[in-house]
Structure formats: structure tokens, C-alpha cells
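Enquirer: I'd like to ask some things about the structure below.
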Amino acid sequence: MLAKRIIPCLDVKDGRTVKGVNFVDLRDAGDPVELAWQYSQQGADELVFLDITATHERRKTTVDLVKAVASQINIPFTIGGGINELADADVLLNAGADKISINSAAVRNPKLLEELANAFGVQFVVLAVDTRFVNGKNYVHLRGGRDITDLETEQWVKEAEDRGAGEILLTSMDHDGTKNGFDNNLLKKINASIHIPLIASGGAGNQQHFVDVFQEAQVDAALAASVFHYGEILIPELKNTLQNQGIPVRF
């Protein structure tokens with residue numbers, strides 16, 4: 001069985017790492033370059049860097065900051081925010097990214113997934129999906145969760161796989177920042193419908209939540225932010241817990 005991955009996420013706004021609850025009430029969580037270095041040292045398997053206001057503010061991800069983070073780490077590094085075309089992805093790759101994450105741009109132009117996969121390889125393309133439960137169904141949201149679409153989450157994820165997404169990063173907006181656990185029911189349903197890796201995001205509050213999401217939803221990776229940023233969970237201890245529960249991890 002492949003080792004399960006633990007992925008800290010740096011949500012970056014105005015050059016600082018921030019964290020909110022249900023995508024609002026953002027508060028400062030530190031310097032992204034310093035946090036990236038700490039996570040690399042702690043044994044994180046990968047790092048995700050999301051410029052969370054790039055799309056909303058209609059600008060590109062800050063390349064200098066990406067370069068600074070990349071220079072500090074030796075683990076795979078995924079970058080998202082403001083990527084609208086192949087040239088944007090190319091710039092970020094050259095700045096040190098191993099993968100790019102797209103969200104709003106893929107919904108507006110689904111062919112972008114195919115173009116990115118053809119140009120750089122499927123393994124390079126991560127589709128980020130922000131989803132919320134509305135009137136009995138899960139719907140995709142855009143622009144940092146500000147806009148609801150008429151796309152049902154399950155259908156969009158399957159289409160994205162068909163178009164060349166190599167991995168899905170699924171964030172439950174209902175669970176995000178609540179520390180009440182991942183949305184295991186939705187994750188399990190999504191995971192059963194696709195053949196590419198699924199990263200769970202939204203809701204981690206303690207080590208048991210990671211155990212639960214790996215055991216119940218069988219996801220490939222679990223991502224979290226505030227519990228790592230504020231030292232509530234240390235990655236080496238988390239990996240020990242997972243290993244003791246029979247969940248394979250890399251040390």
C-alpha cells in the first residue's frame with residue numbers, strides 16, 4: 001500500500017500566511033517562507049501554497065514569494081492562485097513549483113485542464129475544488145468560496161479526471177476551520193468515483209481526525225493548516241499515531 005501523505009497548506013494573502021473559519025475571518029499565521037522551512041524539517045510529505053486572493057483581485061501569484069519558499073524546502077511543492085493559462089503555469093514551474101493547482105480557471109475554461117496535462121504531464125495538474133452543501137447537494141464554489149456555481153461537485157470531479165487532472169484537492173467549506181473533522185462521507189463518495197489521488201482538506205482539529213479520514217474515506221493525503229501553523233499538531237507525532245493505527249506513512 002502506498003504511504004499516506006501529510007500536507008500542510010499555506011494560505012497566503014499580502015505576503016503573509018492566514019487562516020480563517022469557513023473561508024472568512026482571516027487571521028495572521030506567520031511568515032510563509034519560515035513556515036515552509038519548518039514543515040520541510042518536520043517531515044511533511046508535500047507543501048501546498050495557495051495565493052487565496054489572487055483570483056478575486058485578478059492578479060497573478062507572487063512569483064518572488066514562490067521562489068523564496070522553494071529555496072527553503074526539499075519536498076514537492078504545489079502552487080495555486082491566479083493561474084489562468086499555460087504561461088502562468090510555466091512561470092511558476094520555473095520559480096520552483098512541482099505541481100500547480102487550479103480552481104476557478106478550470107471551471108470557467110475546462111479545456112485548460114487538458115492543455116496543462118498535455119503541456120506538462122498529468123502528474124503536474126492538481127484540481128482544487130471548494131465545495132459546500134446547499135439544498136441537499138454539494139456545489140462547487142469559486143473565487144475563494146465567494147461564488148456558488150451550478151456545478152455539482154461529484155460530476156465536476158469526474159469530468160476533471162477525464163480532462164487530465166492528476167489529483168483532486170477537495171476542500172469542504174462547511175468543515176473548513178471548524179476543527180470538527182473532515183467531511184468523510186463526501187470524501188468517501190468522491191474517492192469511490194475517481195481513479196486519481198484525492199487530498200482531503202477542511203476540518204482537521206486533532207490527530208484522530210487524520211486517522212478517521214484515512215480509514216473511513218481511504219484518501220491518499222490529508223491537508224491541514226491552522227493545527228500545524230499554531231503547533232497544535234506536530235507532524236512527527238501525527239505520523240507516529242498513524243503508523244500505530246496501521247496506516248502507512250513515510251518518515
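The values are calculated or read from the model by the stated rules, or taken from the named source; none is laboratory data. Everything numeric here is computed off the predicted structure, so don't read it as measured data. Quick reminder, even Gly has a Cβ in these numbers, built from the backbone with ideal geometry, and neighbours come from all protein chains shown. Calculation scope for accessible area: heavy atoms of the full protein, side chains included, ligands and nucleic acids excluded. Shrake-Rupley method; radii C 1.70, N 1.55, O 1.52, S 1.80 Å.
Enquirer: Being buried (at least 20 other Cβ atoms within 10 Å of the Cβ) and either free of Cβ contacts under 8 Å to residues at least 60 places away in the same chain or out of contact with any Pro (no Cβ under 9 Å at 6 or more places or on another chain) (or both): is that true of L198 here?
Expert: yes
Enquirer: For region 190-223, which positions are touching a helix residue (DSSP H, G or I) at 6+ places or on another chain (Cβ under 8 Å), more than 13 Å from I168 (Cα to Cα) and not polar (S, T, N, Q)?
Expert: G203, A204, G205, F210, V211, D212, V213, F214, E216, A217
Enquirer: Return the pair list, or none, for Cβ contacts closer than 9 Å from residues in region 227-240 that are touching a residue at least 40 places away in the same chain (Cβ under 8 Å) and over 11 Å from Q42 (Cα atoms) to residues that are in a loop (DSSP other than H, G, I, E, B) and open to solvent by less than 60 Å² (accessible area, probe 1.4 Å), at least 6 apart or on different chains.
Expert: Note: pairs meeting the criteria are V227/A204; V227/G205; V227/I233.
Enquirer: How many residues, within region 83-102, are touching a strand residue (DSSP E or B) at 6+ places or on another chain (Cβ under 6 Å) and open to solvent by less than 60 Å² (accessible area, probe 1.4 Å)? Before the answer, list the steps.
Expert: Narrowing region 83-102 to residues touching a strand residue (DSSP E or B) at 6+ places or on another chain (Cβ under 6 Å): 83, 89, 92, 97-101.
Okay, now just the ones that are also open to solvent by less than 60 Å² (accessible area, probe 1.4 Å), so 83, 89, 92, 97, 99-101.
The qualifying residues number 7.
Enquirer: If you don't mind, another one. Among residues belonging to region 224-244 that are among the charged types (D, E, K, R) and farther than 15 Å from G30 by Cβ, point out the one that is surrounded by the most Cβ atoms within 10 Å (Cβ to Cβ).
Expert: K239
Enquirer: Scanning region 201-221 for residues that are among the aliphatic types (A, V, I, L, M) and out of contact with any Asp or Glu (no Cβ under 8 Å at 6 or more places or on another chain), which turns out surrounded by the fewest Cβ atoms within 10 Å (Cβ to Cβ)? Can you show your working first?
Expert: The first filter runs over region 201-221 and keeps only residues among the aliphatic types (A, V, I, L, M), leaving 204, 211, 213, 217, 219, 221.
Okay, now just the ones that are also out of contact with any Asp or Glu (no Cβ under 8 Å at 6 or more places or on another chain), so 204, 211, 213, 217, 219.
Working: A204: 29, V211: 18, V213: 24, A217: 23, V219: 26.
Among those that are among the aliphatic types (A, V, I, L, M) and out of contact with any Asp or Glu (no Cβ under 8 Å at 6 or more places or on another chain), it is V211.
Enquirer: Hey, another quick one. May I ask you to verify whether G177 is surrounded by 17 or more Cβ atoms within 10 Å (Cβ to Cβ) and among the small types (G, A, S)?
Expert: Yes; evaluated as a whole, the condition is true for this residue.
Enquirer: What residue, among those in region 34-79 that are part of a loop (DSSP other than H, G, I, E, B) and in contact with a Leu (Cβ under 7 Å, 6 or more places away or on another chain), is modelled with the lowest pLDDT?
Expert: Filtering region 34-79 for residues that are part of a loop (DSSP other than H, G, I, E, B) and in contact with a Leu (Cβ under 7 Å, 6 or more places away or on another chain), the one modelled with the lowest pLDDT comes out as T61.
Enquirer: Residue check: is G177 assigned to a loop (DSSP other than H, G, I, E, B) and without any contact (Cβ under 8 Å) to a residue 40 or more places away in the chain?
Expert: Taking the combined requirement at face value, the residue does not satisfy it.
Enquirer: Just need a number here: residues in region 180-195 that are in a helix (DSSP H, G or I) and free of Cβ contacts under 8 Å to residues at least 40 places away in the same chain.
Expert: Total satisfying the criteria: 9.
Yes/no matrix, rows are residues, columns are (1) open to solvent by 30 Å² or more (accessible area, probe 1.4 Å); (2) touching a Ser or Thr at 6+ places or on another chain (Cβ under 8 Å); (3) modelled with pLDDT under 95:
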{"position": "S104", "(1), (2), (3)": "no, yes, yes"}
{"position": "A128", "(1), (2), (3)": "no, yes, no"}
{"position": "R132", "(1), (2), (3)": "yes, yes, no"}
{"position": "G145", "(1), (2), (3)": "no, no, yes"}
{"position": "T153", "(1), (2), (3)": "no, yes, no"}
{"position": "W156", "(1), (2), (3)": "no, no, no"}
{"position": "E159", "(1), (2), (3)": "yes, no, no"}
{"position": "E167", "(1), (2), (3)": "no, no, no"}
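Enquirer: Still on this structure: Can you tell me which condition T171 does not meet? The list is (1) closer than 24 Å to N109 by Cα; (2) open to solvent by 10 Å² or more (accessible area, probe 1.4 Å); (3) more than 14 Å from the chain's Cα centre (by Cα); (4) not aromatic (F, W, Y), and all the others hold.
Expert: Here T171 clears every test but (3).
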